[in-house]
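Visitor: Before anything else, here's the structure in question.
The values are calculated or read from the model by the stated rules, or taken from the named source; none is laboratory data. Nothing here was measured: the structure is a model prediction, and the numbers come from that model. Positions of Cβ are generated from backbone atoms using ideal geometry, with glycine treated the same way; all protein chains shown enter the neighbour counts. Note: areas computed on protein heavy atoms with side chains; ligands, DNA, RNA excluded. Shrake-Rupley method; radii C 1.70, N 1.55, O 1.52, S 1.80 Å.
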Amino acid sequence: LQAQTPRAITLGRPDAELTQTFSAVTSVRELTDGRVIVSDSRDRTVQLVDFRRQTATKIGREGAGPGEYGFPGRLFPARGDTTWLLDGANS
């Protein structure tokens, strides 16, 4: 039973904050310039977040064509800042 008890981790003060909220963050990927890509499964959005400018810009849109997604899931890093998005609805 001891092994099943999760260890508590105390987080320090955040490096940055965003005033905008998300409903169900599925995945986050930090880019080399400090911006992050956030996928939100409940809102079905993928957004590029810039903490310096306090902006969140939607990337792509819902659909089944190029640059579109049906159910945004996990983000996977590729070479450089290239990021792959797992889309369960569009295979």
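Visitor: Have a look at ARG61, ARG29, ARG7 and point out the one that is at negative phi and in contact with a Ser or Thr (Cβ under 6 Å, 6 or more places away or on another chain).
Guide: Going through ARG61, ARG29, ARG7 in turn, the sole match is ARG29.
Visitor: Pick from ARG52, ARG29: which is charged (D, E, K, R) and open to solvent by 70 Å² or more (accessible area, probe 1.4 Å)?
Guide: ARG52
Visitor: For PHE22, are the conditions met, namely being surrounded by fewer than 17 Cβ atoms within 10 Å (Cβ to Cβ) and not charged (D, E, K, R)?
Guide: For PHE22, the condition - surrounded by fewer than 17 Cβ atoms within 10 Å (Cβ to Cβ) and not charged (D, E, K, R) - is not met.
Visitor: Another question, then. Taking region 25-36 on its own, how many of its residues are modelled with pLDDT of 95 or more and part of a loop (DSSP other than H, G, I, E, B)?
Guide: 4
Visitor: With the structure loaded, tell me whether PHE22 is part of a loop (DSSP other than H, G, I, E, B), within 11 Å of the chain's Cα centre (by Cα) and under 23 Å from ALA89 (Cβ atoms) or whether it fails that test.
Guide: Considered against the rule, which asks whether it is part of a loop (DSSP other than H, G, I, E, B), within 11 Å of the chain's Cα centre (by Cα) and under 23 Å from ALA89 (Cβ atoms), PHE22 comes out as yes.
Visitor: Continuing with this model, one more query. It is to be established whether one or more residues within region 43-65 are assigned to a loop (DSSP other than H, G, I, E, B) and among the hydroxyl-bearing types (Ser, Thr, Tyr).
Guide: No, region 43-65 contains no residue that is assigned to a loop (DSSP other than H, G, I, E, B) and among the hydroxyl-bearing types (Ser, Thr, Tyr).
Visitor: Hey, another quick one. Does PHE71 meet the test of being aromatic (Phe, Trp, Tyr), at pLDDT 95 or above and surrounded by 12 or more Cβ atoms within 10 Å (Cβ to Cβ)?
Guide: No; evaluated as a whole, the condition is false for this residue.
Visitor: Follow-up. Please find, within region 72-86, the residue that is nearest to VAL36 (Cα to Cα) out of those that are hydrophobic (A, V, I, L, M, F, W, C) and under 13 Å from the mean Cα position of the chain (by Cα).
Guide: Applying the filter and picking the extreme gives LEU75.
Visitor: Checking SER39 against (1) at pLDDT 95 or above; (2) in a loop (DSSP other than H, G, I, E, B); (3) among the polar types (S, T, N, Q), only one condition comes out false. Which one?
Guide: Single failed check for SER39: (2).
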